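Below is one structure, written out as structure tokens; the observations come after it.
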Amino acid sequence: MAWYPNASKMELQPESDDQPAIRPTQLIFHSIAAAWTPRRTYEFWRDSTNLESHFGVGYDGSTAQYIGTETRADANYLANRRGDGSGAVSVETASNDDASDPWTPAQVRTLIEIGVWMHQHHGIPLRICRSHDDPGFGFHRLYSPWADGGTDCPGDARVAQFYGEVFPGIVAAANGQTPTTTDPKGDDMPYTRAEYSGDTLTLERNTWTPVEINGADLYPGAQSYSGTVYLTLTTPSGIVIQGRFYHQAEDGRRWDGPIIERIATSGSSFVDFTHAGFVSSGESVRFEMTSSEDATVTARRVAGLYWK
């Protein structure tokens, strides 16, 4: 089996050993319809389903590989493994819940890099697949035999990016040229945020409490981000601390990210919560937390990268 050197290896077992070998001839891009990091995607496939992909790419471009590229994965229906032993390699990418957002600039760069490696390592030809079993590059909804029952994946915005940025970028980079990409969402280089607050905050038992760090919006003006909230707390022994990022719209609507859980020790505890996401127009990125018993936050810090 083959492993992409620029990905974190998070091998899924028993699938990695038990599933049959393939001769990779296609690379197919997906959206997972969840704003997950590669590790959260790994945990989902490990614990909840055996319908996995080979790769996962976060909003910040971070990459994990779960199955070797010469072993079957199950995200491409009839393209997973054909009778002649050929099969497709699949790349899941973080997205919003309905997979309507575009890939971030960091995701586009990573998809191009994976595509170039697949061309160089496995000989995937530099063309868009001309049929469901033709070698080349594609996206999940391109051919119905790739999706049981049909799909809109990876979404209209990302299909446009595949044709306009990702596939041309793969061809250019594979030929030793610098890919030319357009970013309709703004700047390609990330901004950094590192803010600290020593203000105390009381957490009431089983009550979600907003955490502000020099303002409620953790990444002002962001359209995508990858960041961490760090907290120092005074707590009873062994209480459960939960935190989640959420996006607050101007009209009061909100999108809640996944709940992240930590166990605190007695006295002074240090916990951290990491998330990556895409921010729709008019939304701000916020954070809230709750605890199983009363506790006190004695210091808080936010750090990370974001793109405008």
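Laid out as a table, the results:
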| quantity | calculated |
| --- | --- |
| Rg/Rg_ref, region 1-91, where Rg_ref = 2.2 N^0.38 Å and atoms are Cα | 0.99 |
| Fewest-first sequence of ILE28, ILE259 by Cβ atoms within 10 Å of each Cβ | ILE259, ILE28 |
| Value in Å of the Kirkwood radius, where region 191-307 supplies the Cα pairs that are averaged | 14.3 Å |
| In region 250-292, trypsin sites (Lys or Arg not before Pro) in a DSSP loop with at most 16 other beta-carbon atoms within 10 Å | ARG253 |
| P(r) of region 24-137 over all Cα-Cα pairs, binned every 5 Å from zero, in whole percent | 2, 13, 23, 24, 21, 13, 4, 0 |
| Alpha-carbon centroids, region 76-152 and region 269-308: separation in whole Å | 33 Å |
| Computed over region 251-295, Cα set: Rg, Dmax in Å | 13.9, 42 |
| Over 23 Å [Cα-Cα, region 66-196], rounded percent | 35 percent |
| Unit Cα scatterers, Debye sum, the chain: log10 I(q)/I(0) for q = 0.09, 0.12 Å⁻¹ | -0.49, -0.81 |
| Cα pair count fraction exceeding 16 Å, expressed as % - region 84-136 | 53 percent |
| Alpha carbon Rg of region 114-153, scaled by the compact-globule rule 2.2 N^0.38 Å | 1.25 |
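Every read-out reported here was derived from the displayed coordinates using simple, explicitly stated rules and does not represent laboratory data. Model, not experiment: these values are computed from the prediction. Using ideal geometry, Cβ is built from the backbone for each residue, glycine included, and neighbour counts are taken over all protein chains shown.
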